[in-house]
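**Student:** This is the structure, below, for whatever I ask next.
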Amino acid sequence: MRLVLLGPPGAGKGTQAYRLADRFDAILIGTGDIFPENVKGDTPLGREARAYMENGELVPDDVVVLMVLDRLLQPDVANGFILDGFPRTLPQAQALENALADQDRPLSGALKFVLSDELAVKRLAGRRTCVVCKRTYNVEFKRPSHENVCDRCGGELLQRPDDREETVRHRLEVYHRDTEPLEFFFWERGLLREVEADGSEDHVTERAVEAIVDLVEERR
Ligand code: AP5
C-alpha cells in the first residue's frame with residue numbers, strides 16, 4: 001500500500017500514521033520527523049529548513065522534494081509506505097507522481113483527515129512530543145502516565161516551538177492556501193477519501209482503515 005495523508009496541522013495525521021503503518025505493515029515516512037533529523041544533524045538541507053519550520057512557513061519545494069524522494073528510494077520502502085506531511089504543494093505532488101511513475105509504483109490513495117481550525121488550535125496548544133521517539137501526547141486529551149515522560153520509551157516530552165497559538169494560526173493559513181488545493185489534484189485521479197478526524201483516536205483509526213480497504217479494493 002502506498003498512501004498519502006492530508007489534513008490541517010493538528011488533525012491527527014501523525015497519531016494515525018503510526019497506527020496505520022502497524023496495521024498495514026507499511027513504512028512510515030513523516031516530514032515532521034525527517035526535517036528535525038536533518039536540522040539536528042546540522043546538514044546543509046537541515047540548516048535551510050530550520051528557519052522556515054520555526055516560523056510556521058513551508059520549507060521550499062526543492063529542499064523538501066530532495067529529502068523525501070531520497071527516503072523513498074531506500075530498499076525498506078519497497079513493500080509500501082505512508083507519507084505524513086508530503087506532498088503539501090502542487091509541485092511536490094507532481095514530483096511525487098513522477099517519481100512513483102518512474103518506479104512503476106503508483107499511489108494507492110490519499111486520505112484527508114477533516115477537522116475544524118478551532119479544534120486544531122486546541123489540540124496543538126496542548127501537544128507534547130517525545131524528543132526521542134516522536135510520539136505525541138496531549139495535556140488535555142492524552143496524558144502520559146508520568147508527567148513529561150514518554151510511556152513508550154521514557155524520553156522527555158516537550159512543546160514544539162511552532163505549537164504556540166500564533167504560529168499554529170499561521171500554519172493553518174498556509175495550509176488553506178498551499179495544501180488544500182491538493183485535494184482536487186488527488187480527487188481528479190480518483191485517489192481522495194475523507195475521514196472525519198473529530199472523535200476518539202480508536203474511532204478515527206476505524207474510519208481510516210475502512211477508507212483504505214475501500215481504496216485498495218477499488219484499485220484491484
Ligand atoms: P509537521 O510536523 O508535519 O506538522 P503538521 O502537518 O503541521 O502537522 P502536525 O504534526 O502539527 O499535526 P498532526 O496532524 O500530525 O497531528 P498529531 O497527530 O500530532 O510539519 C512541521 C513543519 O515542517 C511545517 O510547518 C513546515 O515548516 C515543515 N514541513 C513539513 N512537511 C513539509 C512539506 N511537505 N513541505 C514544506 N514544508 C514542510 O496530533 C495533534 C495533537 O492532537 C496531539 O497532541 C495528539 O495527541 C492530539 N490528538 C490526535 N488525535 C486526537 C483525537 N482523535 N482526539 C483528541 N486528540 C487527538
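The values are calculated or read from the model by the stated rules, or taken from the named source; none is laboratory data. Since this is a predicted model, take the numbers as computed values, not measurements. Virtual Cβ from ideal backbone geometry, glycine too; neighbours counted across all protein chains shown. Note: areas computed on protein heavy atoms with side chains; ligands, DNA, RNA excluded. Shrake-Rupley method; radii C 1.70, N 1.55, O 1.52, S 1.80 Å.
**Student:** Being surrounded by 13 or more Cβ atoms within 10 Å (Cβ to Cβ) and more than 19 Å from G14 (Cα to Cα): is that true of L191 here?
**Tutor:** So L191 fits the description; yes.
**Student:** Since E166 meets every condition but one in (1) more than 25 Å from R23 (Cβ to Cβ); (2) within 13 Å of the ligand (Cβ to nearest atom), which condition does it not meet?
**Tutor:** So the condition that E166 fails would be (2).
**Student:** Enumerate the pairs (first residue in region 200-220 and under 18 Å from L119 (Cβ atoms) and near the ligand (Cβ under 10 Å from one of its atoms); second residue anywhere and assigned to a helix (DSSP H, G or I) and of a type in the set (D, E, K, R)) with beta-carbon separation below 8 Å, excluding pairs fewer than 6 apart on the same chain, so at least 6 apart or on different chains.
**Tutor:** E201/R19; T205/R19; T205/R23
**Student:** Shifting gears a bit: Out of T136, T167, which single residue is farther than 24 Å from F81 by Cα, among the hydroxyl-bearing types (S, T, Y), surrounded by 14 or more Cβ atoms within 10 Å (Cβ to Cβ) and under 19 Å from the mean Cα position of the chain (by Cα)?
**Tutor:** Exactly one of T136, T167 is farther than 24 Å from F81 by Cα, among the hydroxyl-bearing types (S, T, Y), surrounded by 14 or more Cβ atoms within 10 Å (Cβ to Cβ) and under 19 Å from the mean Cα position of the chain (by Cα), namely T167.
**Student:** Scanning for something of a type in the set (A, V, I, L, M, F, W, C), under 22 Å from I212 (Cα atoms), part of a helix (DSSP H, G or I) and open to solvent by 20 Å² or more (accessible area, probe 1.4 Å), does region 9-29 turn up at least one residue?
**Tutor:** yes
**Student:** In region 147-170, what residues are without any contact (Cβ under 8 Å) to a residue 12 or more places away in the chain and in a helix (DSSP H, G or I)?
**Tutor:** Hit for region 147-170 is E166, nothing else.
**Student:** Here is a further query. Looking at region 194-206, which of its residues are buried (at least 16 other Cβ atoms within 10 Å of the Cβ) and under 12 Å from R19 (Cβ atoms)?
**Tutor:** The answer is V204, T205.
**Student:** Going by what's in this entry, would E173 be described as surrounded by 13 or more Cβ atoms within 10 Å (Cβ to Cβ) and either more than 11 Å from the ligand (Cβ to nearest atom) or part of a strand (DSSP E or B) (or both)?
**Tutor:** Here the answer is no, as E173 does not meet what is asked.
**Student:** Taking only region 90-107 into account, find how many residues are outside any helix (DSSP H, G or I) and surrounded by fewer than 20 Cβ atoms within 10 Å (Cβ to Cβ).
**Tutor:** Qualifying residue count for the region: 4.
**Student:** Please work out if D202 is at pLDDT 95 or above, more than 14 Å from A110 (Cα to Cα) and in a loop (DSSP other than H, G, I, E, B).
**Tutor:** no
**Student:** Does V4 satisfy being crowded, with 16+ Cβ neighbours inside 10 Å, within 13 Å of the ligand (Cβ to nearest atom) and at pLDDT 90 or above?
**Tutor:** Yes; evaluated as a whole, the condition is true for this residue.
**Student:** Okay, next question. Consider region 107-123. How many of its residues are within 9 Å of the ligand (Cβ to nearest atom) and either among the charged types (D, E, K, R) or more than 25 Å from V209 (Cβ to Cβ) (or both)?
**Tutor:** Residues meeting the conditions: 2.
**Student:** Moving on. Conditions first: (1) within 16 Å of S200 (Cα to Cα); (2) open to solvent by 50 Å² or more (accessible area, probe 1.4 Å); (3) in contact (Cβ under 8 Å) with a residue 12 or more places away in the chain. R128 passes all but one, so which condition is the exception?
**Tutor:** (1)
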